[in-house]
C-alpha cells in the first residue's frame, strides 16, 4: 500500500447511478448511517461492488494510496475531490456521464457545469463508453438510454471541445476500469500551479453572461449582442431579474419570451393571446 494521496478526500454522491442500464436504475441509498467506506463490513463492500461498481472502483483504487473515500450527498456533481496534494490545495467537482446518458442530457450540462464552478475550483466532465456508437449514413450517432433521441457524435465532440476550451477538464474513456485512473490523472494535473481551470471566477460580468447565454438552444451571437447592447456590464443575476417586457423589447417578442422562459425554468410554448404574469406586473 502506497501513501500517494494521504491528504486527499473523495466524496461520491449517493445519487450517482453507476448501475444505469437501459431504463433501469438501482436504488439511490447505499448504506444509511455510515459515511466512510472504510467503515463498511466485508459483506457491505461486496454489496457496494455489485450495486455501485464505479464507486467501489474509486474506493479500491484510492484507499490503497492513502486517500479517504466516502459516500454522501453532493449539491452538484457526482464526485468531489478535496484536500491537498504535492503542497497544492485541491477542490474538484466531477460530473460523470455515460455516453448514452449524455445524448439525453447534454442540453442541461452547461447550466450544471456553470453552477459547479461556483462550488469548486476545478470542474471536470467524464464521459464513458466510446464503443456505444452506431453509424447511419454518413454520420455516427449516440443513442439515448432514456428515450428515442439520438445525438450526432461529431456534434457531441464539438460540445466537449467548447467546454474544454472554457476550462472544463474533459476526459473520455472506454470502460469502468479506466475511471479511477482518469481521476488520479486529474488530481495530479490540478495539483500544480498554472493549470487552466474553469473561467467562471476570472471572467468579467459581460464575458460570463455572454458565455452562458450562448449555451441556450436557439440563441445566437447577434441575439446576445442585442441583449447586451446598452448593458455591457450586466451580470447574469441582473439579467435574471429583468421582466418579460424588458426582454421582449430587447430581442423581439418570440425570442424574448423563449429566452425568458428558459432562464426562469418555464416550459416554452409560444403564446398568442395569453398574457404572462411577468407582463402584467411590468405594465
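The values are calculated or read from the model by the stated rules, or taken from the named source; none is laboratory data. Values in this document were obtained by computation on a predicted structure and should not be read as measured data. Positions of Cβ are generated from backbone atoms using ideal geometry, with glycine treated the same way; all protein chains shown enter the neighbour counts.
Data for the structure
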{"read-out": "Conditions (1) at pLDDT 65 or above; (2) under 20 Å from residue 96 (Cα atoms); number of the one not met by residue 150", "value": "(1)"}
{"read-out": "Members of the stretch 163-186 that are touching a helix residue (DSSP H, G or I) at 6+ places or on another chain (Cβ under 9 Å) and assigned to a helix (DSSP H, G or I)", "value": "163, 176, 177, 179, 180, 181, 183, 184"}
{"read-out": "Matching residues, the stretch 50-78, being in a helix (DSSP H, G or I) and under 24 Å from the mean Cα position of the chain (by Cα)", "value": "51, 53, 54, 55, 56, 57, 58, 59, 61, 62"}
{"read-out": "Test result for residue 263, modelled with pLDDT of 75 or more, surrounded by fewer than 18 Cβ atoms within 10 Å (Cβ to Cβ), within 22 Å of residue 162 (Cα to Cα) and not assigned by TED's automatic domain parsing to the domain that holds residue 164", "value": "yes"}
{"read-out": "Any chance residue 242 is modelled with pLDDT of 65 or more, under 22 Å from the mean Cα position of the chain (by Cα) and surrounded by 13 or more Cβ atoms within 10 Å (Cβ to Cβ)", "value": "no"}
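A quick yes/no check of all residues on (1) under 26 Å from residue 213 (Cα atoms); (2) at pLDDT below 85; (3) outside any loop (DSSP other than H, G, I, E, B); (4) under 19 Å from the mean Cα position of the chain (by Cα):
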{"position": "80", "(1), (2), (3), (4)": "no, no, yes, yes"}
{"position": "101", "(1), (2), (3), (4)": "yes, yes, yes, yes"}
{"position": "132", "(1), (2), (3), (4)": "no, yes, no, no"}
{"position": "159", "(1), (2), (3), (4)": "yes, yes, yes, yes"}
